[in-house]
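Working notes, structure below.
The values are calculated or read from the model by the stated rules, or taken from the named source; none is laboratory data. Predicted model only: the values in this text are computed from it and were never measured. Because the Cβ atoms are built from the backbone with ideal geometry, glycine has one as well, and the counts that use them run over all protein chains shown.
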Amino acid sequence: MNNAQWFVLIGGLLLVRGLTPSVLKRSPVTAAIIYLAVGLLVGPSVLNLFHFNPLKESALLEVLTEVAVLISLFSAGVKMPVPFSFSRWRAPLLLATVSMSMTVALVAAFAYYVLDLSWGAGVLLGAIVAPTDPVLATDVQSRHPGDRDQLRFTLTCEAGMNDGSAFPFVMLGLGMLGLHELGDANLNWVVVDVLWATVGGIAIGIVAGVVLARLGWKLRRAPHQHELMDDFLGLGLIGVVYGLSVMLNAWGFLAVFSAAVALRQTELKLAKTTRQSTDERLAPLTLDAQTDQITPASPEPEPEPLPTVSEGSLVFKEHLERLSEVMLVLLVGGSLFLNSWSWAAVGLALFLFLVARPISVFFGLWGTHTSWRIRAMTGWFGVRGIGSLYYLMYAIQHGLPEPLGLQLIQLTLIVVSLSILMHGISVKPLMAYFWKRKTHRSTP
């Protein structure tokens, strides 16, 4: 395909997507399935009009997936409900730590005993496919800031955190393959890759988010009353936080998600404090000359709420997220051959979706007050996608041997493709059934 044909293809997809949002909402499939089908059609599986080689283009694909995940993490972070509470966040925290670790271990064992990979390659593969995806799971994630539905909150928050909590396992797998320094008794891995990188990333994100929220709030209020460009501020926050985290060897994905959460939380706390101080002002009393009675004066009209950086930049970020979804899913379809659908790859995907994910969610949420329906839905909707592609490209760029790289590419692409198909086909009927049952239980 030449440049003109690419413009026609991408432009046509964008036109169709822009003209049919209502149709897609009512259709039984997600938009990602359509993009994947187009990629398979024009790729080597059918028409062979183009072939995208992830191994040769790993540097480009790493950057593209990195940017897509960062934008999606920011969008997920600003949708988190306020105020923050550990009791509410307990379930996604357990999913991003305990369930993540169990999934990596189960996939590593499957890779070692069934796929005949080494333990190092198995751990790396587990780390690649274990994190759920913040980009492709739109239909099961929070729809807007303040969405308090427990299922959507749990899935969104988990996806926001486990794209960072998977990184230590990626480094462990690379270390077991001799591509990263783990230190004596894995001490360097524990101290630097687990403790410092995690705590440092969260701290950098929280500080940056709070500072931007307070600065933006101050500049918008009297006497400054500056007009701010929220889109630029959101992108700038992502860039600064992620760049600082990488420079300081902290996990940038965790930092960006934490920054978005801190930004939103701080802005709404400032807005609440301002409203309370306004409400506390008592209306002055006046004497009615005709009735000789004391009555409250007419209160001053409430000022319009000030805009916030988080809400102002969210729409733009979601549009970028959708654009990245079109491009990257199309490339996934254009990377697959018919013989890519091996029994090993399909077996890994089915093991991950039907065994590893449900078991890890069940044990991860053991002892919480989460209902069995939410556990079942959470166990099924562990969507894999752009985050897995990023970790794979990251490993290739850090010296993964070519034969192993090709094998992991095939396995990962099939896992992502089957996740798009299986989760995309089931999300709307299952979510409709879930909401119907929930409404029925809440009706007296």
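Please identify the pairs in which a residue from the range 201-230 that is under 9 Å from residue 309 (Cβ atoms) has its Cβ atom under 7 Å from the Cβ atom of a residue that is of a type in the set (S, T, N, Q), counting only partners at least 6 apart or on another chain. So the pair list comes out as 213/266; 230/313. Going through the range 384-416 one residue at a time, which ones are at pLDDT 95 or above and among the charged types (D, E, K, R)? Within the range 384-416, just 402 meets the criteria. For the criterion of being at pLDDT below 95, more than 17 Å from residue 80 (Cα to Cα) and either of a type in the set (S, T, N, Q) or over 22 Å from the mean Cα position of the chain (by Cα) (or both), residue 233 fails.
Comparison of 381, 353 shows that the only residue that is modelled with pLDDT of 90 or more and of a type in the set (Phe, Trp, Tyr) is 353.
Scanning the range 386-414 for residues being assigned to a loop (DSSP other than H, G, I, E, B) and either of a type outside the set (A, V, I, L, M, F, W, C) or surrounded by fewer than 24 Cβ atoms within 10 Å (Cβ to Cβ) (or both) gives a total of 3. Of the listed requirements (1) assigned to a helix (DSSP H, G or I); (2) more than 19 Å from residue 168 (Cβ to Cβ), residue 222 misses just one: (1).
Give the residues of the range 59-94 that are among the polar types (S, T, N, Q) and either assigned to a helix (DSSP H, G or I) or under 18 Å from the mean Cα position of the chain (by Cα) (or both), sorted by residue number.
Answer for the range 59-94, where residues must be among the polar types (S, T, N, Q) and either assigned to a helix (DSSP H, G or I) or under 18 Å from the mean Cα position of the chain (by Cα) (or both): 65, 72, 75, 87.
Here 209, 200, 183 are screened, and the one residue that is farther than 28 Å from residue 318 by Cβ, more than 16 Å from the chain's Cα centre (by Cα) and either modelled with pLDDT of 95 or more or of a type in the set (Asp, Glu) (or both) is 200. Within the range 342-359, the set of residues being in contact (Cβ under 8 Å) with a residue 24 or more places away in the chain and over 18 Å from residue 423 (Cα atoms) comprises 342, 344. Taking the criterion of being at pLDDT 60 or above and more than 34 Å from the chain's Cα centre (by Cα), would at least one residue in the range 288-298 satisfy it? There is no residue in the range 288-298 that is at pLDDT 60 or above and more than 34 Å from the chain's Cα centre (by Cα).
Within the range 50-84, the only residue that satisfies the criterion of being loosely packed, with under 14 Cβ neighbours inside 10 Å, among the aliphatic types (A, V, I, L, M) and touching a residue at least 40 places away in the same chain (Cβ under 8 Å) is 59.
For the range 364-378, the set of residues classified as surrounded by 18 or more Cβ atoms within 10 Å (Cβ to Cβ) and either at pLDDT 95 or above or polar (S, T, N, Q) (or both) consists of 370, 378, listed by residue number. Listed by first and then second residue, the pairs linking a residue in the range 111-130 that is on the phi < 0 side of the Ramachandran plot to a residue that is hydroxyl-bearing (Ser, Thr, Tyr), with Cβ atoms under 6 Å apart and 6 or more places separating them unless they lie on different chains, are 119/112; 122/112; 128/388; 128/391; 128/412; 129/388; 130/103.
Taking the criterion of being closer than 23 Å to residue 318 by Cβ, buried (at least 18 other Cβ atoms within 10 Å of the Cβ) and either at pLDDT below 90 or aliphatic (A, V, I, L, M) (or both), the residues of the range 236-246 that qualify are 237, 238, 241.
On the given criteria, is residue 107 within 15 Å of residue 357 (Cα to Cα), touching a helix residue (DSSP H, G or I) at 6+ places or on another chain (Cβ under 8 Å) and crowded, with 24+ Cβ neighbours inside 10 Å? For residue 107, the condition - within 15 Å of residue 357 (Cα to Cα), touching a helix residue (DSSP H, G or I) at 6+ places or on another chain (Cβ under 8 Å) and crowded, with 24+ Cβ neighbours inside 10 Å - is met.
Please work out if residue 373 is at negative phi and part of a helix (DSSP H, G or I). Steps first, please.
Numbers: at negative phi: yes; part of a helix (DSSP H, G or I): yes.
Yes.
Quick check on my filter: what residues within the range 422-444 are modelled with pLDDT of 70 or more, over 17 Å from residue 343 (Cα atoms) and not aromatic (Phe, Trp, Tyr)?
The answer is 423, 424, 425, 426, 427, 428, 429, 430, 431, 432, 436.
Could you list, in sequence order, the residues of the range 179-198 that are free of Cβ contacts under 8 Å to residues at least 40 places away in the same chain and either part of a helix (DSSP H, G or I) or touching a His at 6+ places or on another chain (Cβ under 9 Å) (or both)? Scanning the range 179-198 gives 184, 185, 186, 187, 188, 189, 190, 191, 193, 194, 195.
Selection of the range 1-26 for residues being of a type in the set (Gly, Ala, Ser) and surrounded by 10 or more Cβ atoms within 10 Å (Cβ to Cβ) yields 11, 12.
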